[in-house]
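For reference, the structure is listed below as structure tokens.
Read-outs throughout are calculated quantities, based only on the coordinates presented, and are distinct from any laboratory measurement. Bear in mind that the values here come from a model prediction, so they are computed numbers and not experimental data. For neighbour counting, all protein chains shown are included, and Cβ atoms are generated from backbone atoms with ideal geometry for every residue, glycine included.
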Amino acid sequence: MTQQTTSVLPGFKLGKFDISPPLALAPMAGITDLPFRRICRRFGIGLTVTEMIASRAVEFGCERTERMAELDKDESPVSIQIAGSDCKYVVDAALWAVDHGADFVDINMGCPVKKVVKQVAGSAMLRDEGLVARVIDAVVKAVDIPVTLKIRTGWDSESKNVENIAHIAEDNGIQMLTVHGRTRAQMFSGKASWEDIGLAKAAVSIPVIGNGDIVDGESALEMIRQSGCDGIMVGRAVQGNPWILEQVHAAIMGLPKPEKPNAEEVWDVVHEHMLHLADFHGVKRASKLVRKHVPWYSKGHRGSAEFRSSFQTVFDWNAQIETAKAYFLSDIHHEETGERGLDVAV
Ligand SMILES: Cc1cc2nc3c(=O)[nH]c(=O)nc-3n(C[C@H](O)[C@H](O)[C@H](O)COP(=O)(O)O)c2cc1C
């Protein structure tokens, strides 16, 4: 008998692409490189976004910037995210993104980092609605692919302008809006306001993606209920736990809750992630990056604290693989004896 499913979110069209499921991996600088996105694509997402690429960095044309825009041949639909407030440089960066195979160009007006804000880019642009309109208009007119926008709800609680920005975005040709439900002043503290995401949704007819504090299928459904958003974007909770994407995917598609991964499945993903990092960045750099990524996977597992500190003392690539393998597969023993070692928070 085939199972009847009722999708909570139907998905939507963006240019010639179906965003289905309407579930995106959030762009995260220093994290969502090609290897990370490759891993996450196994878990039912409908859209990936590169890390933010500063338009001035594109102008300098360094190797590192080129690598940030590298996409897998079958990675589609995918956005390249750009940032900046000088129309000339932002337009050049958008055209460069098209040349690099982006399906969409995403403009960042949410980054709260001081270095970015000081140049009146990222979330600082929300304080100048005229500038927001000019930059969007210039990019939309320059490229022939859909342009999307990612914002916060405003600069601070006194100057929230999420509805105004949503209107400006739609009026100037933005085809999809992502709202992180925090102001710049909040940085990453406090709770994301899913109701504020709802204000943007009610203001426009373009698809609105809700973002902020999604940690499982239940929180995704609650965000949809509170905001009426058309799609979900998940960021920090995916670090070391891509199974969360599977959970959110199942929830929004009306599918049964997936099983927790067993020890072998966790190790397979950790191992594959390590190999992708080495393949993409080279072993020397991968060896540094795994010190960040691999300990994240141990969160919630037996002996995680000890593993995290001991893993930081291993520098040789093969030893890093062996140490991680021994740790993650040690949970098989506990599974066989009925003592559940894995407690991945999915
Ligand atoms: C380390 C880190 C880097 C980030 N880099 C970017 C970025 O490059 N572009 C962007 O639009 N947002 C960036 N963000 C914000 C996330 O995309 C997302 O909006 C935010 O983390 C809230 O979602 P979450 O609660 O699901 O993590 C970053 C967040 C973190 C934690």
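For the range 189-283, the residue among Trp243, Val269, Ile197 whose Cα projects farthest onto the positive side of the dipole built from Cβ charges is Ile197. For the range 302-326, the residues whose backbone nitrogen is under 13 Å from a point 7 Å from the Cα of Val283, taken along Cα to Cβ, are 315-322.
Taken over the Cα atoms of the range 263-336, the convex hull encloses 71 Å³ per residue. When the charge dipole of the chain is built from unit charges on Cβ atoms (+1 for Lys and Arg, -1 for Asp and Glu) and taken about the Cα centre, the candidate among Ile252, Gly46, Leu177 whose Cα reaches farthest toward its positive end is Leu177. Other residues with beta-carbon under 14 Å from the beta-carbon of Val91 carry, at +1 per Lys or Arg and -1 per Asp or Glu, a net charge of -2. Rounded to 0.05, the FRET efficiency of the Phe60 and Ser330 pair, given R0 = 35 Å and the Cβ-Cβ distance, is 0.15. Would you report the distance distribution of C-alpha pairs in the range 12-253 as whole percents per 10 angstrom bin, up to the bin with the largest distance? It works out to 8, 36, 40, 15, 0, in whole percents.
Grab the beta carbon distance between Lys257 and Lys13, set R0 = 35 Å, and tell me the FRET efficiency rounded to 0.05.
Between Lys257 and Lys13 the formula returns 0.75.
Set the Förster distance to 41 Å, then compute FRET efficiency between Asp99 and Thr5 from the Cβ-Cβ distance, nearest 0.05.
On the way: r = 40 Å, r/R0 = 0.97.
Step by step, r from the Cβ atoms, then E = 0.55.
Label separation (Lys88 vs Lys141): 1.6 nm, computed from points 7 Å beyond Cα along the C-beta direction. Shown here are the Rg and Dmax of the Cα trace of the range 8-111, at 13.5, 44 Å. The packing ranking, built from the mean of other Cβ atoms within 10 Å per residue, places the peptides 187-196, 273-282 in the order 273-282, 187-196, highest first.
Under the 0.36 nm per residue contour assumption, what length would be gained going from the current alpha-carbon distance of Ala133 and Glu264 to full extension?
Values: separation 131, 0.36 × 131 = 47.16 nm, distance 5.03 nm.
Difference between extended and current length: 42.1 nm.
Using alpha carbon centroids, what distance separates the range 201-268 and the range 2-63, in Å? With the range 201-268 and the range 2-63 each reduced to a Cα centre, they are spaced 13 Å. Looking at the chain, the DSSP beta bridges with both ends there are about 10 percent antiparallel. The charge dipole of the range 263-336, taken about its Cα centre with unit charges on the Cβ of Lys, Arg, Asp and Glu (plus for the first two, minus for the last two), comes to roughly 620 debye. For the chain, averaging the sequence separation of C-alpha pairs within contact (under 8 Å, six or more residues apart) and dividing by the residue count gives a relative contact order of 14 percent.
Note on the range 12-253: lysine pairs with Cα distance below 17 Å, sequence gap of 8 or more or different chains, count 6.
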